[in-house]
1. Being modelled with pLDDT of 85 or more, within 28 Å of L209 (Cα to Cα), open to solvent by less than 20 Å² (accessible area, probe 1.4 Å) and not aromatic (F, W, Y), is that true of even one residue in the stretch 103-124?
2. Suppose the filter is without any contact (Cβ under 8 Å) to a residue 40 or more places away in the chain, open to solvent by 80 Å² or more (accessible area, probe 1.4 Å) and within 26 Å of M139 (Cα to Cα); does Q37 pass it?
3. Which of (1) open to solvent by 50 Å² or more (accessible area, probe 1.4 Å); (2) part of a helix (DSSP H, G or I); (3) at pLDDT 85 or above is the odd one out, the single condition D207 does not satisfy?
4. Take E133 and tell me if it is among the charged types (D, E, K, R) and either within 28 Å of Q53 (Cβ to Cβ) or at pLDDT 90 or above (or both).
5. Restricting the stretch 125-157 to residues that are over 19 Å from Y29 (Cα atoms) and touching a strand residue (DSSP E or B) at 6+ places or on another chain (Cβ under 7 Å), which is least open to solvent (accessible area, probe 1.4 Å)?
6. Within the stretch 160-179, track down each residue that is assigned to a helix (DSSP H, G or I) and more than 17 Å from the chain's Cα centre (by Cα).
7. Only residues that are more than 18 Å from K33 (Cα to Cα), part of a helix (DSSP H, G or I) and more than 20 Å from the chain's Cα centre (by Cα): list them for the stretch 124-159, please.
8. As an exercise: evaluate I199 against (1) surrounded by fewer than 15 Cβ atoms within 10 Å (Cβ to Cβ); (2) modelled with pLDDT under 85; (3) part of a helix (DSSP H, G or I) and give the number of the one condition it does not meet.
Amino acid sequence: MPGFFKTDGLNANDINDKYFDNDQRIELYEQLKQREQAWWQARQQLTLLKERQMFWFGENSFMMWLLWQLVAYVVVAMVLMLLSNLLDISLPLWQYITIFVIHTLIFVIMLGFKGRFTTLLERKINQADLSSEETLNEMTILAVDSLYRDVHTKAPISLKEIYRYYDAQFRLASLHRLLQKEVEAGRLMYGDQKVDAGILPLELADDALKEHARGVIYKSLI
């Protein structure tokens with residue numbers, strides 16, 4: 001059972017009794033947890049797509065396409081040699097040349113459609129970004145009557161204490177991003193230390209916050 005239902009935990013009073021009964025609060029936090037998982041997946045998908053965009057369509061993308069074409073030539077040659085040895089067959093030279101000409105034509109066609117591939121990937125990135133923002137907005141709505149009330153009631157409180165309060169059922173990066181929304185709204189403020197983890201991929205942000213979560217203090221302004 002999460003820490004917000006304990007009676008002997010951090011400042012052990014159940015702060016939401018006057019707003020919800022137990023069943024309602026359990027459902028509220030379960031919904032927040034589900035949306036957090038969906039947001040995490042959407043952000044990971046967004047990061048993966050952006051990495052793919054940088055790799056295939058970045059500043060040095062043409063050189064990468066040529067490099068992978070060279071690698072593909074080597075792979076095809078090795079496969080042909082392996083099949084020749086296993087099947088004990090010998091293809092005439094013109095067939096080898098035909099295979100590599102077809103391979104080159106496929107590469108040229110793909111290169112010609114590079115612009116369309118870029119547009120398609122950008123559309124996927126925009127969709128993933130929109131999905132991430134919509135899910136974060138849903139998390140924020142749920143957090144208004146759950147996470148934010150807890151933090152304001154127990155402030156000043158560190159990110160590490162909040163993480164433990166919920167029995168590590170929410171990731172540090174998710175808690176930090178949600179609380180950043182409340183900071184931006186002017187209802188919370190940081191103590192002496194602030195960690196700008198929002199620009200990092202989620203896994204890196206989570207690792208960075210593990211080292212500094214104890215020093216990230218939230219103070220209520222309401």
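1. Within the stretch 103-124 (the criterion being modelled with pLDDT of 85 or more, within 28 Å of L209 (Cα to Cα), open to solvent by less than 20 Å² (accessible area, probe 1.4 Å) and not aromatic (F, W, Y)), the answer is no, since none of the residues qualifies.
2. Judged against the criteria, Q37 is a match.
3. Against the list (1) open to solvent by 50 Å² or more (accessible area, probe 1.4 Å); (2) part of a helix (DSSP H, G or I); (3) at pLDDT 85 or above, D207 comes up short only on (3).
4. For E133, the condition - among the charged types (D, E, K, R) and either within 28 Å of Q53 (Cβ to Cβ) or at pLDDT 90 or above (or both) - is met.
5. Among residues in the stretch 125-157 that are over 19 Å from Y29 (Cα atoms) and touching a strand residue (DSSP E or B) at 6+ places or on another chain (Cβ under 7 Å), the one least open to solvent (accessible area, probe 1.4 Å) is I157.
6. At the first step, the residues of the stretch 160-179 found to be assigned to a helix (DSSP H, G or I) are 160-165, 172-179.
K160, E161, I162, Y163, R164, Y165, L179, listed by residue number.
7. Taking the stretch 124-159 as the starting set, the residues that turn out to be more than 18 Å from K33 (Cα to Cα) are 124-130, 152-158.
Filter once more, keeping what is part of a helix (DSSP H, G or I): 124-130, 152-154.
H152, T153, K154, listed by residue number.
8. (3)
The values are calculated or read from the model by the stated rules, or taken from the named source; none is laboratory data. Predicted, not measured: the structure shown is a model, and the values here were computed from it. Using ideal geometry, Cβ is built from the backbone for each residue, glycine included, and neighbour counts are taken over all protein chains shown. In case anyone asks, the SASA skips ligands and DNA or RNA and just uses the protein heavy atoms, side chains included. Shrake-Rupley method; radii C 1.70, N 1.55, O 1.52, S 1.80 Å.
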